[in-house]
Amino acid sequence: MSAAQLDLSLIPPLGEPRPQPVPEVAETTLANGLRVVVVPRPGVPLVELRLRVPFAAASAGEAAEHTARAMVLSGAMLLGTADRDQAGIAELLQSHGAELSIASDPDRLLFGTTLLPGGLAPVLGLLSELLTGAAYPEHPVEGERDRTAERIAIARSQPAVIARTALAARRYGDHPYAVPLPPAELVAEVDAPALRRLHAERVLPAGSSLVLVGELDPRAATDAVAAALEPWSASGRAVEAPPAAERRAATLQLVDRPGAVQSNLRLGGPAPQRTDPELAAVRLANMIYGGYFSSRLVENIRERRGYSYSPRSTVDHQAAASSFLVDADVATEVTAPALLEAWYELGRMALAPVTAAELDGARRYVLGSMALTTATHAGLASTLAALVGAGLPADWLAEHQQALSAVTVDDVGAAAQRYLAPGALTAVAVGDAERVSAPLEALGAVEVGVAEVDAHPGAGGGA
Amino acid sequence: MPDGGRSAAAVSVGGVTAAGAELTLRHPVERFALDNGLRVVLAPDRSVPVVAVTVFYGVGMRNEPEGRTGFAHLFEHMMFQGSAHVPKMEHARLVQAAGGSFNGSTHQDYTNYYEALPAEALERALFLEADRMAAPAITQENLRNQIDVVKEEIRVNVLNRPYGAFPWLQLPRIAFDGFANTHDGYGSFVDLESSTVDDATDFFSRYYAPGNAVLCIGGDLDVDDTEKLVRRWFGPVPARDVPPTPPTGEPWPSEVRRDVVEDALAPAPAVALGWRVPDPVGDFDRYLGTVLLAELLSEGDASRLERRLVHDERIAIAQSSYVGLFGDPFDVRDATLLTTQVHHPAGVPVDRVLAAVHEEVRRIAEDGVGAEELARVQARAEAQLLRQADSVLGRTLAFAAAELVHGRAELAGELAARLAAVTPAQVRAATGDLDPGTVAVLELRATGGRR
């Protein structure tokens, strides 16, 4: 079969867009400082709950220990309260269709669950019990600590985690963001008194936010939250991550993973934060470069050359730093050629204008995928929780959509020159050094290190 | 909103049956067939201006011939390489530049393709699916490119990571006997490398006939208008012979099967137990008891195995149980397993883990299940089904799978109510199949990493 030509006259035109429903957002701040956002939404009879509590390490010096304790605390909070043991907590949640997950990231604790609407009051009551009276019983805490250590060891055996950790260490140096996973020996030192102390000092309503989306009445739901969480009255100041200064490393770091059949290429650099007017242009530049299937990076190293299954780029936001990131897992034998192509496409973004069709396609995709993502209870709840948790108003979404609509080809060019230029990015590769270091050295200086199995405080991917 | 769905749902008393019934009512299913044999299912719901389009072809990993392992999946990739009127890369651009998303996936008994889009892009998606149903661009250049891409996919997901094949590619090899169930559905590199354009053309001709497919459209659509559009775009695709549904069932095991695999990238050991379960289609009522048994054993912190293995005895780091190779119990035919998977510390002997699992199953067999415990499990299962159904794409895929595998799209809307009606006696009876005398056990030994 000969290659088809695109004849636009054959393609059915798009119809008239139908209006997106605008969510009715009820927002209040309780006397204890907790921000509460309630959004009733048509859809299935469920409610989605998200709670975010600021939980950053206060300084670089305490980052490793804090991260270790935060990881154990997020599992151990569900091990018991004054009135209930682990099983009692789990059964109450399950009877309302819920399963509460508690996780930690470098900025916060994240609580989330789905639940049947009739369970709103009892689940909020349990949440209050956990926030004000998690018991951290000694023996179960030891079990959770040991499981956390095992899970971290398993995570560290994943090449994607090795790559992410190495890039974070290289970019952030002695900032807490340099230590996304705690060293095993610090996890082993965590005990129940340390968790109780950390909880008392840091699990605070001030700076925290709760989002409820789904089948609910905004007023009744807000009242239910106020009644249930009123006892959560611990006072203190929320700790946010200190300002993060990016360290741009000029040489490629190669983390040796002997025998690896693939190399994990990771590039990263700064990006505008959510309140920065340049964000919309950078997001669209990111899409055109590698943000979706219809991008230059995917067309080049996947669909033309077959080097990689799922190459991509993203814009990621943390409280104290936003990032432009490039990921490509490529066959060992094409490691250097793949890096060259990724760089080439970055350079082309930085130096030559994108086409109007590329910009229009990227814009429509970003707007369309925002609409798809927020068209479920869970998607809207997670989106709002991320915004509100970052201290932004719920109508940030609408403003951002307008900003995306106004971006021009020149705006994308300026944004790409600043943020997507190869010279703005730090690069890390994880792979078989014996096979890939010589070809990579043809492209520039390479520093070879070894992957850590048990990390040491302050060190990243080894060097 | 035309269907007035929400006001009716304000009844939500939290009762399992009420919500289950409501889910069934809110998504009426319309169906018709074209002269070329294409089955069409429409599931309108105009509450959000989003539409989902999917085509399910009745061919999956289990239908691959010997010597062609991985071909169903490789061919799935070929369906994104362009078609008669769509150049390479343009399928993605036409969907994404309309604000939509797309993908495809290869399962045991079917291969699907789907788009989720703003409602105004419906006709464009129908054009794209019809164009590749008629004539995908099967060329030497595209095939060579996608063999390379698939090999990278297998390296990412299997070869370059710990636990990559565990247990989904490794357990069926010992749990079953027939080629359909035992072979590697991702494919050997030898088979992938030797695939030819003729193989792909033959595969398309045999399995991608319109009569072997289900088209399902859900979300913001008008039934009459959509039927006209479907006839316009899919009507001209010529009919071809439809292959008979191949038998994939096989005799039940009569003895324990046990094997060991070594994983040089893994830092800690793991073990998987697989038990043959009732026919997911032909023995549906009994099968529902098995599905809830898996939930009761492993779903969440209140489950039997989570308590026993993780919290009480601390002999596991993590555990899970599921029915169906990829964890969806309702999109597979016979033969199927209930799999229990446990990651445990190196210091815990695997036989201690196995004994604890078997003992928990025996406790249910001997003591039964309390009504209250089962009601909790059912509430959680219902919430998970509702959550899937909240997404237009999620429920459109569920309707299509139910139509293709069970012959009734409506079943997807009835599942919450059907699970809610399962009795403690049915769950207890399901333990009869979890016999320690016929289990398949696959032990993963960690030979690399830190230990």
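The values are calculated or read from the model by the stated rules, or taken from the named source; none is laboratory data. The model shown is predicted, which means the values in this text are computed figures rather than measured ones. Every residue, glycine as well, gets a Cβ built from its backbone with ideal geometry; the counts of neighbours run over all protein chains shown. Accessible surface is based on the protein model in full, side chains and every heavy atom, while ligands, DNA and RNA are left aside. Shrake-Rupley method; radii C 1.70, N 1.55, O 1.52, S 1.80 Å.
Taking only protein heavy atoms and a 1.4 Å probe, the accessible area of chain B is 51% carbon and sulfur.
Of all accessible surface on the stretch A:282-380 at a 1.4 Å probe, what whole percent is carbon and sulfur?
Details: 1670 of 3140 Å².
Answer for the stretch A:282-380: carbon and sulfur cover 53 percent of the accessible area.
How about the stretch A:24-75: which GluC sites (Glu not before Pro) there are in a DSSP loop, with at most 14 other Cβ atoms within 10 Å of their Cβ? Present the calculation step by step, with values, prior to reporting the outcome.
Details: sites: A:E24, A:E27, A:E48, A:E62, A:E65; in loops: A:E24.
Here the sparse-neighbourhood loop sites are A:E24.
Using a simple spin-label model with pseudo-atoms 7 Å out from Cα toward Cβ, A:E16 and B:E372 lie 5.8 nm apart.
PRE reach from A:L443 (point 7 Å along Cα→Cβ): which of the stretch A:323-349 fall under 14 Å by backbone N? Taking a point 7 Å out along Cα→Cβ of A:L443, the residues of the stretch A:323-349 whose backbone N falls under 14 Å are A:326-348. Partner shielding of B:120-132 amounts to 3, given as the average count of beta-carbon atoms from other chains within 10 Å of each residue beta-carbon. With K and R counted +1 and D and E -1, the other residues having a Cβ less than 10 Å from that of B:T438 yield a net charge of -1.
Based on DSSP loop calls and a cut-off of at most 10 other Cβ atoms within 10 Å, the longest stretch of chain B free of exposed GluC sites (Glu not before Pro) is what? Show your work: numbers first, answer last.
On the way: sites that count: B:E66, B:E255.
Between the exposed loop sites, the longest stretch runs B:256-451.
Using only DSSP helix segments of four residues or longer, with each worth -39500 (n - 2.57), what per-residue ellipticity at 222 nm results for chain A after dividing by its residue count and rounding to 500? Provide the component values of the computation, followed by the final result.
Working: 15 runs with 189 residues, N = 463.
Here the helix-only value at 222 nm equals -13000 deg cm²/dmol.
Note on B:R363 and B:N157: the model spin-label points, each 7 Å out from Cα along the C-beta direction, lie 3.6 nm apart.
When a/c is below 1.5 the answer is rounded, else prolate if a/b is larger than b/c, else oblate, so apply that to the protein assembly as shown with a ≥ b ≥ c taken from the square roots of the Cα gyration tensor eigenvalues. Judged from the Cα gyration tensor, the protein assembly as shown comes out rounded (a/c under 1.5). Structural size metrics of the stretch B:262-374, computed from C-alpha coordinates, are Rg and Dmax of 14.6, 45 Å. Looking at the stretch A:333-431, the accessible area is 37 square angstrom per residue; that uses a 1.4 Å probe and ignores ligands, DNA and RNA. Send over a whole-number figure in Å² for the accessible area per residue of the stretch B:34-234, probe 1.4 Å. Accessible surface, normalised per residue, equals 27 Å². For the peptides A:171-180, A:147-156, the ranking by packing is A:171-180, A:147-156, with the highest mean count of neighbouring Cβ atoms within 10 Å listed first.
How big is the accessible area of A:S437 in square angstrom, nearest 10, if you roll a 1.4 angstrom probe over the protein chains? The accessible area of A:S437 comes to roughly 20 Å². Taking a span of 20 Å or more along the helix axis (Cα atoms) and a mean Kyte-Doolittle hydropathy of at least -0.5 as the rule, the DSSP H helices of chain B that qualify are B:284-298, B:350-367. For the stretch B:347-378, a decrease in accessible area of 10 Å² or greater in the assembled protein chains relative to the isolated chain, with a 1.4 Å probe, applies to B:R376, B:V377. Taking 13 Å as the cut-off, the amide N atoms of the stretch A:25-65 that come nearer than this to a point 7 Å along the Cα-to-beta-carbon line of A:E189 belong to A:61-65.
Measuring between their Cα centroids, the stretch A:168-205 and the stretch B:62-99 lie 46 Å from each other. Grab the beta carbon distance between B:F179 and B:T447, set R0 = 22 Å, and tell me the FRET efficiency rounded to 0.05. For B:F179 and B:T447, the calculated efficiency is 0.15. Projecting label points 7 angstrom from Cα along Cα→Cβ for A:A227 and A:D105 puts them 3.3 nm apart. Shape of chain A from its Cα gyration tensor (a ≥ b ≥ c, root eigenvalues): rounded if a/c is under 1.5, otherwise prolate when a/b > b/c, or oblate? Verdict is oblate for chain A.
Take the alpha carbon gyration tensor of chain B, find the square roots of its eigenvalues, order them as a ≥ b ≥ c, and report rounded if a/c is under 1.5; if not, report prolate when a/b exceeds b/c, else oblate. It would help to have the intermediate numbers written out before the result.
Working: a/c = 1.98, a/b = 1.26, b/c = 1.58.
Since a/c reaches 1.5 but b/c is at least a/b, the shape of chain B is classed as oblate.
Residues of the stretch B:282-323 that bury at least 30 Å² of accessible area when the other protein chains are present, relative to the chain alone (probe 1.4 Å, heavy atoms, ligands and nucleic acids excluded): B:D301, B:A302, B:R307, B:H311, B:R314, B:I317. With all protein chains in place and ligands, DNA and RNA left out, the 1.4 Å accessible area ranks A:D105, B:D241, B:D312, A:D217 as B:D241, B:D312, A:D217, A:D105, largest first.
Dividing the summed helix terms, -39500 (n - 2.57) for each DSSP H run of n ≥ 4, by the number of residues in chain B produces a 222 nm estimate of -11500 deg cm²/dmol to the nearest 500. For B:F189, the solvent-accessible surface computed with a 1.4 Å probe is close to 60 Å², ligands and nucleic acids excluded. For the stretch B:117-254, the Cβ-based charge dipole about the Cα centre amounts to some 220 debye (Lys, Arg positive; Asp, Glu negative; other atoms uncharged). Solvent exposure of B:L122, expressed as accessible area, is near 20 Å², computed with a probe of 1.4 Å over the protein chains only.
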